[in-house]
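The values are calculated or read from the model by the stated rules, or taken from the named source; none is laboratory data. Not measured: the values here are computed from a predicted model. Note that each Cβ is placed from the backbone with ideal geometry, even for glycine, and that neighbours are counted across all protein chains shown. Side chains included, ligands, DNA and RNA excluded: accessible areas come from the protein's heavy atoms. Shrake-Rupley method; radii C 1.70, N 1.55, O 1.52, S 1.80 Å.
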Amino acid sequence: MSDDRPQRPESLTGGCMCGAVRYAVAEEPVATGLCHCNRCRPQSGSAFSTVIFVHRNAITIAGETAVFDDVGASGLRVLRRYCPRCGSPMTTESDATPDILFVKAGSIDSNEWYHPDLEMFVGRRRPWVSPVAGAAQFDGNPTF
């Protein structure tokens, strides 16, 4: 069986709705995933958050951002970066993953290729949301 999904572009760029914040990712994502935790749901405005995992030193962000200082399901600090002009969520930076941050997949310019490799906090998945076929399932944060 062939995989007819669009291929990921060689370079990943993205930004907020109003264009005040732009970013570039200098390497391939470590992984792609969905987060079902109790903090990502309200931050994403949905039943889960769609993210790509990248090394923190691989992303360059231009433009003014604001940060909501949060506490994650792990009990550790989580910085939720967003555009202060339009409110678009950009990244999640958790102390639980000091070398990796999560980029919100909806903010990627060309994201037709996106498909989750894994799901986190699956015990908190809403009952009407089915597991993604073939995606690894984690009760908490995966180890990278």
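At 222 nm, what value in deg cm²/dmol follows for the chain if DSSP H runs of at least 4 each add -39500 (n - 2.57) and the sum is divided by all its residues, to the nearest 500?
Only helices count here, giving -500 deg cm²/dmol.
What number comes out for accessible area per residue over the chain if the probe is 1.4 Å? Units Å², please.
Computed with neighbouring chains in place, this is 53 Å² per residue.
If I take every Cα pair under 8 Å that is 6 or more residues apart in segment 1-113, average their sequence separation and divide by the length, what percent do I get for the relative contact order?
29
Subtract the Cα-Cα distance of residue 129 and residue 109 from 0.36 nm times their separation in residues, and report this length gain in nm to one decimal.
Here the answer is 4.6 nm.
Run the accessible area of segment 13-144 with a 1.4 Å probe and give the carbon-and-sulfur part as a rounded percent.
C and S atoms contribute 50 percent here.
Please sort 28-34, 107-113 by packing, taking for each peptide the average over its residues of neighbouring beta carbons within 10 angstrom, highest first.
Top to bottom by mean Cβ count within 10 Å: 28-34, 107-113.
Please report the spacing between the Cα centers of segment 128-144 and segment 56-96 in Å, no decimals.
22
Kirkwood hydrodynamic radius of segment 1-82 from all distinct Cα pairs, in Å?
Result for segment 1-82 stands at 14.7 Å.
Considering all alpha-carbon pairs of segment 19-144, what whole percent are spaced by more than 17 angstrom?
Here the long-distance tail beyond 17 Å is 55 percent of all Cα pairs in segment 19-144.
What is the Cα radius of gyration of segment 82-144 over 2.2 N^0.38 Å, N being its residue count?
1.28
Residue by residue through segment 80-90, what is 3J(HN,Hα) from phi via Karplus (6.51 cos²θ - 1.76 cosθ + 1.60, θ = phi - 60°)? Round to whole Hz and write x for glycine and proline.
After applying 6.51 cos²θ - 1.76 cosθ + 1.60, I find 10, 8, 8, 7, x, 7, 10, x, 4, x, 10 Hz.
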